[in-house]
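Visitor: Take this structure, written in structure tokens, and hold onto it; I'll ask about it next.
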Amino acid sequence: MYSFNYQKVKTVADAAKVLAKDGDAKLLAGGQSLIAAMKLRLAHPSEVIDLGAIKELSGIKADSKAVAIGAMTRHAEVASSAAGCGEAGAIGAPAAVMNALTDALGVRDIEMPATPQRIWRACQESKMKKAA
């Protein structure tokens with residue numbers, strides 16, 4: 001791995017400042033892809049900006065019309081959250097969290113493409129199994 005400067009920022013504004021100063025900087029948001037690429041010397045940013053401490057990027061908010069999942073929300077939180085399996089009738093589930101979702105719902109798989117309707121149906125089936 002090449003040498004780099006590591007910065008753990010606390011606000012989106014702080015991250016933006018570092019990015020504005022250094023166009024070669026990379027954002028660390030979990031690190032599963034970036035760190036692996038760095039270890040293989042496929043990526044060599046001069047700055048690595050860790051977004052893990054930015055609280056405003058985490059969490060799940062749901063209302064009657066939408067579910068919003070913050071960029072730094074952990075997969076386990078999405079998988080175990082009741083938000084999305086109720087109020088809006090959908091889960092904003094990117095492909096990266098599909099495994100966590102199916103595990104949490106106790107279903108083998110969700111028919112692809114994973115449309116909101118199919119995810120909603122899996123949520124309802126899971127609720128019925130738990131109630132029985």
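The values are calculated or read from the model by the stated rules, or taken from the named source; none is laboratory data. These figures come from a predicted structure and were not determined experimentally. Note: ideal-geometry Cβ built from the backbone for every residue, glycine included; neighbour counts use all protein chains shown.
Visitor: When ALA104 is evaluated against the numbered criteria (1) in a helix (DSSP H, G or I); (2) modelled with pLDDT under 75; (3) loosely packed, with under 14 Cβ neighbours inside 10 Å; (4) not basic (Lys, Arg), which criterion, by number, is the only one it fails?
Guide: (3)
Visitor: Here's something else I'd like to know. Could you check the range 34-70 and list, in sequence order, the residues that are farther than 30 Å from PRO116 by Cβ and in a loop (DSSP other than H, G, I, E, B)? Spell out the reasoning first.
Guide: Within the range 34-70, the first condition is being farther than 30 Å from PRO116 by Cβ, and the residues that meet it are 35-50, 53.
Once the filter is applied, which keeps residues that are farther than 30 Å from PRO116 by Cβ and in a loop (DSSP other than H, G, I, E, B), the range 34-70 yields LEU40, ARG41, LEU42, ALA43, HIS44, PRO45, SER46, ALA53.
Results for (1) small (Gly, Ala, Ser); (2) under 30 Å from TRP120 (Cβ atoms); (3) assigned by TED's automatic domain parsing to the domain that holds PRO116, shown as yes or no for each residue.
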residue	(1), (2), (3)
LYS10	no, no, no
LEU19	no, no, no
GLY30	yes, yes, no
ILE35	no, no, no
MET38	no, no, no
ALA43	yes, no, no
ILE49	no, no, no
ALA62	yes, yes, yes
ALA68	yes, yes, yes
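Visitor: Tell me whether the range 46-64 contains one or more residues that are more than 30 Å from TYR6 (Cα to Cα) and either buried (at least 16 other Cβ atoms within 10 Å of the Cβ) or modelled with pLDDT under 70 (or both).
Guide: First, pick out the residues of the range 46-64 that are more than 30 Å from TYR6 (Cα to Cα): 61-64.
From the residues that got through so far, the ones that are either buried (at least 16 other Cβ atoms within 10 Å of the Cβ) or modelled with pLDDT under 70 (or both) too are 62.
Yes, the conditions are met somewhere in the range 46-64.
Visitor: A further question follows. I want to confirm something. Restricting to the range 16-29 and keeping residues that are touching a residue at least 12 places away in the same chain (Cβ under 8 Å) and of a type in the set (Gly, Ala, Ser), which single residue is surrounded by the most Cβ atoms within 10 Å (Cβ to Cβ)?
Guide: This residue is ALA25.
Visitor: Considering each of GLY23, GLY30 in turn, give the residue that is in a loop (DSSP other than H, G, I, E, B) and within 30 Å of PRO116 (Cα to Cα). Before you say what the answer is, go through the steps one by one.
Guide: Numbers: GLY23 fails: within 30 Å of PRO116 (Cα to Cα).
None of the other options fit; the residue is GLY30.
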